Amino acid sequence: MTCFASDRAPEKQSRAARPPLRFAVIGILIAAGLGGPTLAKVAAADQRKRVVVLYSFHTLMPVNIDRDRGLRRAFAEELGPNVDLDIEYLDLSRYGDDEYVRDWIILLQKKYADRQVDVVIPVAADAIEFTLAHRSVVFPDAPIVFCSAGVNLANVATSEPNVTGVAYRLDFDETLRAALHLYPQADHLLVIGGVSDQDNRIHALAESFATQYEQALQVDFLVGLPMAELLDRVANVDPQTVVLMLTYNKDTSGNNYVTRDVVEKVSGVCPAPVFGLWDSLLGHGIVGGSLIEVEAQGELAGRMAARVLRGERPSEIPVAGLDANQLMFDVRQLRRWGIREDSLPDGSIRRFREPSNWERYGWLIVATGTIVLLQSGLIAILLVNRFRRRRAEQALEANQDVTRRQRDELARVNRVATVGEFSTSIAHEVNQPLSAIVSNAQAALRLLRQSPPDTEEVAAALQDIANDGNRAAGILSRVRSLARKEQPTKMPLDLNEVVREVLRLAAPDTENRGIIIHEELDGSLPAVTGDKIELQQVILNLLINATQAMQDVDLQSRQITVRTTHDTASVELEVEDRGIGLADDQLTQIFNAFYTTRPGGIGMGLSISQSIVESHGGKIWATQNVDGGATFHVSLPAASIIGSNGPGLENLAINPGGSS
């Protein structure tokens, strides 16, 4: 193990460079002499808790800022506004001679002579040692809650009465094990530190620990080098090196530094990854390590001090913080050195993860996409409306004569007219099995003429003939039952089965029109009491209206949903289309006799449907859909006999050809 240090001796800090502390002491003495009685009265009247915080370093030291943030958060949460914080920055690492220390003792004696100090919180080694050495003359009766003490110093401090606090453990082992795990090609360990009192204490600990790695690594130390020389040495290290950064408060030339600033410079020129021991260095060049959480130390000390202020004895509060190290890593540095995130030790915290493009610009992408979709939708709507308007104008001109002729046929029976709506589709549907029967018969004749006849094939052809005949008979049976003229006969009915029969009848027509029918039938539907033929007529009228309402819409929108639901007293049927919809004033007029919204219509279908529904003790009405089209509702009273369907909801899509 080698150690490199500058051969220049530290220069004595100029007395002229010290803060004008002596003048401050004189001013306090004068103020105390002139205003002593007044200050005493104020102190006696003030019942708030006073906490004196003694920082080892100067005001803007980053670790001071972090610890102070934690302290203030803890006091705000624990005690609210009932505490006064007096902050003193001793700066002993830069001005630590005996005379400077005596000046501080005099200043603190005069400043707090007439003030009740309830707790003293010395922060870091210099302030803790100062407080322990001079507490009898500065804060003789005040309990002490130290913050950020090494293990040895914490043991010394707690050996005195009325003292507790927050200690830390420099986790060299876990940090180096993580470093070698993440950067396994390393065969060299370089440790960098300064030469202040604090630097020397930490350097001694690191040097004793590094002996454990001398068998596996070449271990070198760079201690107290002036900045230019340090950066030059670091810039030329072997890339197969891991660098461990200690504190760097002073170099051998007497120049003072902030460790965070040194880390940034070292990391900027070093061709190997740099690791550290404090989380205040994370984000400033180190890859990470098992880090001491500086702000958390301050918060923990504040909460312990709050317990003391509430009456607990410091000796009854155990020292905390020794197990608070946390594996933390800078994701940016991991990427810089080609280290995969999934190779991090379990439980590691990742910091400074750069957001993805979606995380960074997601709102803009969504907004842009929404605007494009809205514009596209608006253009599509305008084009569809233009197309519909042209179609409507052409249909109006072409059907004016037809409309006049149809008005003369109002006496025609609506049921026959309803069947007539499907005559072409029915003829086409019947023609298919008839053609198949002819083909199979011809094939059977040819097979019989063979020598010897193929009886198996003949039997198969005859079976096909029988099947096709049954299929044609079923189609005609459904049409005949709908058109049969008989007196209404009411009986308990399964409305779902009535719907299915109508949909099978309507399937050929919907196929020709390119319409998809969705079934949403309530599987636990109660029975209704009614005439099957009349209810089929109502459902068929509603399907015809729905198909005609969608004749001018695009194919993708030609969809009808037939839905059944129920409550305790009634059964409801809904026929929902995505057609042109209805105006508000049409919702009630469409059930009037001879009122129609389409060219060629006679205006009787819905009027007759209303009469049928009301004769069954129900009601029928129409509503507009939010997203276009209309829904017709039929409500019928439930019978006392419950339908035989099993539980559950059938939700099937019927293709235009009628298959589910």
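The values are calculated or read from the model by the stated rules, or taken from the named source; none is laboratory data. This one's a predicted model, so the numbers in the text were calculated from it and none came from an experiment. Reconstructed Cβ throughout: ideal geometry from the backbone, glycine too, with neighbour counts over all protein chains shown. For accessibility, only protein heavy atoms count, side chains too; no ligands or nucleic acids. Shrake-Rupley method; radii C 1.70, N 1.55, O 1.52, S 1.80 Å.
Quick look at the values:
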{"quantity": "Matching entry among Leu107, Leu71, Leu132 (being in a helix (DSSP H, G or I), within 15 Å of Arg50 (Cβ to Cβ), open to solvent by less than 40 Å² (accessible area, probe 1.4 Å) and not small (Gly, Ala, Ser))", "calculated": "Leu71"}
{"quantity": "Hits in region 352-397 (condition: of a type in the set (D, E, K, R), in contact (Cβ under 8 Å) with a residue 40 or more places away in the chain and either touching a Lys or Arg at 6+ places or on another chain (Cβ under 9 Å) or open to solvent by 100 Å² or more (accessible area, probe 1.4 Å) (or both))", "calculated": "none"}
{"quantity": "Residue list for region 230-268, filter: within 20 Å of Gly283 (Cβ to Cβ), over 39 Å from the mean Cα position of the chain (by Cα) and of a type in the set (Val, Ile, Thr)", "calculated": "Val234, Thr247, Val258"}
{"quantity": "Matching residues, region 135-176, being closer than 13 Å to Ala305 by Cβ and open to solvent by 40 Å² or more (accessible area, probe 1.4 Å)", "calculated": "Asn162"}
{"quantity": "Failed item in (1) at pLDDT 85 or above; (2) open to solvent by 50 Å² or more (accessible area, probe 1.4 Å), with His633 passing the rest", "calculated": "(2)"}
{"quantity": "Unique match (being in contact (Cβ under 8 Å) with a residue 60 or more places away in the chain, within 51 Å of the chain's Cα centre (by Cα) and not assigned by the TED database to the domain that holds Asn200) among Pro122, Pro81", "calculated": "Pro122"}
{"quantity": "Residue tally, condition buried (at least 23 other Cβ atoms within 10 Å of the Cβ) and part of a strand (DSSP E or B), over region 527-554", "calculated": "2"}
{"quantity": "Test: residue in region 192-210 that is surrounded by 22 or more Cβ atoms within 10 Å (Cβ to Cβ), touching a residue at least 40 places away in the same chain (Cβ under 8 Å) and part of a loop (DSSP other than H, G, I, E, B)", "calculated": "yes"}
{"quantity": "Residue, modelled with the highest pLDDT, within region 38-68, restricted to residues that are in a loop (DSSP other than H, G, I, E, B) and either open to solvent by less than 20 Å² (accessible area, probe 1.4 Å) or not hydroxyl-bearing (Ser, Thr, Tyr) (or both)", "calculated": "Ser56"}
{"quantity": "Selected residue (criterion: nearest to Ser615 (Cα to Cα)) from residues of region 511-525 that are in contact with a helix residue (DSSP H, G or I) (Cβ under 9 Å, 6 or more places away or on another chain) and open to solvent by 10 Å² or more (accessible area, probe 1.4 Å)", "calculated": "Asp522"}
{"quantity": "Of all residues in region 158-177 being charged (D, E, K, R) and part of a loop (DSSP other than H, G, I, E, B), the one that is farthest from Leu190 (Cα to Cα)", "calculated": "Glu160"}
{"quantity": "Residue satisfying condition, being modelled with pLDDT under 95 and in contact with a Pro (Cβ under 8 Å, 6 or more places away or on another chain), within set Asp173, Asp251, Asp199", "calculated": "Asp251"}
{"quantity": "Residue match in region 213-224 (condition: under 24 Å from Gln326 (Cβ atoms), polar (S, T, N, Q), at pLDDT below 95 and more than 37 Å from the chain's Cα centre (by Cα))", "calculated": "no"}
{"quantity": "Complete set of residues in region 257-293 that are open to solvent by 10 Å² or more (accessible area, probe 1.4 Å), aliphatic (A, V, I, L, M) and assigned to a loop (DSSP other than H, G, I, E, B)", "calculated": "Val258"}
{"quantity": "Some residue of region 302-311 being among the β-branched types (Val, Ile, Thr), at pLDDT 95 or above and farther than 20 Å from Leu230 by Cβ", "calculated": "yes"}
{"quantity": "Residue in region 323-331 that is farther than 24 Å from Asn249 by Cα, outside the structural domain of Asp199 (by the TED database), in contact with a Phe, Trp or Tyr (Cβ under 9 Å, 6 or more places away or on another chain) and open to solvent by less than 10 Å² (accessible area, probe 1.4 Å) present", "calculated": "no"}
{"quantity": "Looking only at region 215-224, and only at residues there that are assigned to a loop (DSSP other than H, G, I, E, B) and either aromatic (Phe, Trp, Tyr) or out of contact with any Gly (no Cβ under 9 Å at 6 or more places or on another chain) (or both), the one that is least open to solvent (accessible area, probe 1.4 Å)", "calculated": "Leu217"}
{"quantity": "Selected residue (only one of Gly347, Gly302, Gly298 is under 22 Å from Arg169 (Cβ atoms), in a helix (DSSP H, G or I) and out of contact with any Ser or Thr (no Cβ under 9 Å at 6 or more places or on another chain))", "calculated": "Gly302"}
{"quantity": "Index of the failed condition, Ala296 passing every other in (1) buried (at least 22 other Cβ atoms within 10 Å of the Cβ); (2) not assigned by the TED database to the domain that holds Pro345", "calculated": "(1)"}
{"quantity": "Failed criterion for Ile106 (all others in (1) touching a Ser or Thr at 6+ places or on another chain (Cβ under 8 Å); (2) in contact (Cβ under 8 Å) with a residue 60 or more places away in the chain hold)", "calculated": "(1)"}
